[in-house]
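*Asks:* Starting off with a structure, shown below.
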Number of protein chains: 2
Amino acid sequence: MSTFDLDGYLTQRRAHVEAALARHLEACTGAPATLREAMAYSLLAGGKRLRPILALAACEAVGGGEDEAIDAGCAVEFMHTYSLIHDDLPAMDDDDFRRGRPTSHKKYGEAVAILAGDALCAEAFRVAAVNRKGREAAVADVVYELARASGAVGMVGGQVIDIEATGKQIDVAALEILHRAKTGELLLVAIRAGARMGGASDAILERLTAYGRALGLAFQIVDDVLDITADLQTLGKDPGSDREAGKTTFVDLLGIDGARARARAVMKEGIDALAPLGAKAEALRALARYTVERDR
Amino acid sequence: MSTFDLDGYLTQRRAHVEAALARHLEACTGAPATLREAMAYSLLAGGKRLRPILALAACEAVGGGEDEAIDAGCAVEFMHTYSLIHDDLPAMDDDDFRRGRPTSHKKYGEAVAILAGDALCAEAFRVAAVNRKGREAAVADVVYELARASGAVGMVGGQVIDIEATGKQIDVAALEILHRAKTGELLLVAIRAGARMGGASDAILERLTAYGRALGLAFQIVDDVLDITADLQTLGKDPGSDREAGKTTFVDLLGIDGARARARAVMKEGIDALAPLGAKAEALRALARYTVERDR
């Protein structure tokens, strides 16, 4: 058993992330009020802040300071938030609720929801680059990886694969490819970006990449389990909604117990990859265990 | 009268830009076929390529080589293309035709059109950063300015202002603010990004900024004139469509002759700002004259 105080760690890091997100949004003060409000509605809606916290933890794991990775972490959270707004649109998953509140397009209409997402996407790159002086090479690398992870071969491509796979039976390998593109690459970029800003070597980046890929896959498997087992109040969305929408899940292919076992096995591989990082990676290990054991 | 061969210049530069755009799109080969096809449909649909050509001309005007600015120019064109796809959506301007062909959502459906736009937005930053080695500082500056120009206080904010102003009477000052955000900032960033990649000093960047702001405003005034005077075949869209959509135009506020005179006066100021650049800025001057004198 680890003695790492994950609850305390998460509380402290979440507060740091929340403050930084609000500060980065303030740079949009000159924007139309409706747009700013819609951006804030989705960006400052709570959430686990898993991606920026992973960026901070990865930076720490390579010996960097907390402040070095905060912009990169926030950039990934801007990007993640935009993807949720667009995924919920009537033309996509057509969801009415997200985190227990009306989705952006239910509250602001479709035009403003699309544009709030568009703005958060562009602003993600502003956030990544705003404090670039003296660390231009790392910032340019982060921008490139963030663009790649969120573009046609990453998150957006994954959403297209998801739409095209809906209503069809696909196998475990295809499902893993889908989720790696749709959610895995962005989780991975949070970790790699945090590590880059902390000055990670290529060898350590490789270790963190193995960890990040494992974490992304385990995260999605557990999401599928929770979609079946959790109730509306815990999850903030309708349980079983993915299955009803005709989407193949890991539970369909492996069963609930099989999916849980696979998540644990994948996660163990990810934690093993962190061995050379020693005690500095304790937060990353705790986050991995949390990903598998969470109930929402 | 200038003896600058603008037609020859545009033909040569367009070929350079078309080849570079196609090459940058090839990096998305791993993406789902539907998505790649929708991205190519809009990105490789011809068009004037004014923005990347301005980037190349600005780079040249500060003594840089043509290849130094091509990525930055293509990044702006990716961004511009995504904005056209999203502006045409049913929730926005609801346009069926663009450049004489069905709009993206008419051809691929709304979901894929939204996602093709999303992908082009993210890929714009990949294109800006892909060849970053040895010029990280300029690339990071370009990324920051591109994000700012296309985000909440730039292009996306301008689209929100546009939607909110539709059906209302607004004055010339408000109309200039709308267009500066919606289209002016991105034209300006093409010029500034090209100049940055060519190694421009701050003093020269200021001159080019004055030129770029003038060009953006003149471009929009002429667009409004052409919306009234050009026919469908020349323009590739319905003439008078902006007026029918309840949008205030410079022609409404200044009349056709007044709008033309204002475009010429603004453009003269822009060309005057280029004086310290001498003969190297001849292409920028010719592009400014072309912007005012074009018939589509």
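*Asks:* I'd like the residue in segment A:1-21 that is touching a helix residue (DSSP H, G or I) at 6+ places or on another chain (Cβ under 8 Å) and more than 30 Å from A:K268 (Cα to Cα) and, out of all such residues, is surrounded by the fewest Cβ atoms within 10 Å (Cβ to Cβ).
*Replies:* Applying the filter and picking the extreme gives A:A20.
*Asks:* For the condition more than 25 Å from A:H80 (Cβ to Cβ) and either under 18 Å from the mean Cα position of the chain (by Cα) or more than 8 Å from chain A (Cβ to nearest Cβ) (or both), what is the one hit in B:F125, B:F97, B:F78?
*Replies:* Checking each option against the conditions leaves just B:F97.
*Asks:* Considering each residue of segment A:154-187, count those that are within 12 Å of chain B (Cβ to nearest Cβ), part of a loop (DSSP other than H, G, I, E, B) and either surrounded by fewer than 23 Cβ atoms within 10 Å (Cβ to Cβ) or β-branched (V, I, T) (or both), and give that number.
*Replies:* 1
*Asks:* Might you let me know whether segment A:188-196 holds any residue that is within 17 Å of the chain's Cα centre (by Cα) and either within 14 Å of chain B (Cβ to nearest Cβ) or surrounded by fewer than 21 Cβ atoms within 10 Å (Cβ to Cβ) (or both)? Give the steps one after another, and end with the answer.
*Replies:* In the first step, residues of segment A:188-196 are kept if they are within 17 Å of the chain's Cα centre (by Cα); the result is A:188-195.
Adding the requirement that they be either within 14 Å of chain B (Cβ to nearest Cβ) or surrounded by fewer than 21 Cβ atoms within 10 Å (Cβ to Cβ) (or both) leaves A:189, A:193.
Scanning segment A:188-196, I find at least one residue that is within 17 Å of the chain's Cα centre (by Cα) and either within 14 Å of chain B (Cβ to nearest Cβ) or surrounded by fewer than 21 Cβ atoms within 10 Å (Cβ to Cβ) (or both), so the answer is yes.
*Asks:* Sticking with this structure for a sec: I'd like to verify a number: residues in segment B:275-296 that are under 18 Å from the mean Cα position of the chain (by Cα) and either surrounded by 14 or more Cβ atoms within 10 Å (Cβ to Cβ) or touching a residue at least 40 places away in the same chain (Cβ under 8 Å) (or both), how many? Talk me through it step by step, then tell me what you get.
*Replies:* Step one: filter segment B:275-296 for residues under 18 Å from the mean Cα position of the chain (by Cα), giving B:283-296.
Now drop any that are not either surrounded by 14 or more Cβ atoms within 10 Å (Cβ to Cβ) or touching a residue at least 40 places away in the same chain (Cβ under 8 Å) (or both), which leaves B:283-292, B:294-296.
Within segment B:275-296, residues that are under 18 Å from the mean Cα position of the chain (by Cα) and either surrounded by 14 or more Cβ atoms within 10 Å (Cβ to Cβ) or touching a residue at least 40 places away in the same chain (Cβ under 8 Å) (or both) number 13.
*Asks:* Please list, ordered by residue number, the helices (runs of 4 or more DSSP H) wholly in segment A:49-153 having 3 or more residues that are of a type in the set (A, V, I, L, M).
*Replies:* By residue number, A:50-61, A:70-88, A:110-129, A:136-150.
*Asks:* When you go through A:A55, A:A75, A:A31 one by one, which is the residue that is touching a Gly at 6+ places or on another chain (Cβ under 6 Å), within 25 Å of B:A116 (Cβ to Cβ) and buried (at least 17 other Cβ atoms within 10 Å of the Cβ)?
*Replies:* Answer to the check: A:A31.
*Asks:* Could you check B:R36 against (1) closer than 17 Å to B:A15 by Cα; (2) at pLDDT 95 or above and say which number it fails?
*Replies:* Here B:R36 meets the rest and fails (1).
*Asks:* Another question about this same structure. Restricting attention to segment A:128-145, which residues are within 15 Å of B:R132 (Cα to Cα), facing another protein chain (nearest Cβ under 7 Å) and among the β-branched types (V, I, T)?
*Replies:* Those that are within 15 Å of B:R132 (Cα to Cα), facing another protein chain (nearest Cβ under 7 Å) and among the β-branched types (V, I, T): A:V139, A:V143.
*Asks:* Within segment B:243-274, how many residues turn out to be loosely packed, with under 15 Cβ neighbours inside 10 Å and not in a helix (DSSP H, G or I)?
*Replies:* So the answer is 2.
*Asks:* Pairs, please: C-beta under 6 Å, at least 6 apart or cross-chain, first residue in contact (Cβ under 8 Å) with a residue 60 or more places away in the chain and in segment B:199-210, second surrounded by 14 or more Cβ atoms within 10 Å (Cβ to Cβ) and not in a helix (DSSP H, G or I)?
*Replies:* Final answer for the pair search is B:G199/B:G64; B:A200/B:V62; B:I204/B:V62; B:R207/B:A273; B:A210/B:A273.
*Asks:* Another question, if that's okay. Is at least one residue of segment A:30-48 within 24 Å of A:A111 (Cα to Cα), of a type in the set (K, R) and within 14 Å of chain B (Cβ to nearest Cβ)?
*Replies:* yes
*Asks:* Give the number of residues within segment B:268-285 that are more than 14 Å from B:I191 (Cβ to Cβ) and among the aliphatic types (A, V, I, L, M).
*Replies:* Within segment B:268-285, residues that are more than 14 Å from B:I191 (Cβ to Cβ) and among the aliphatic types (A, V, I, L, M) number 2.
The values are calculated or read from the model by the stated rules, or taken from the named source; none is laboratory data. From a predicted model like this one, the values you see are computed outputs, not experimental measurements. A quick note on method: Cβ atoms are made from the backbone with ideal geometry, for glycine too, and the neighbour counts reach across all protein chains shown.
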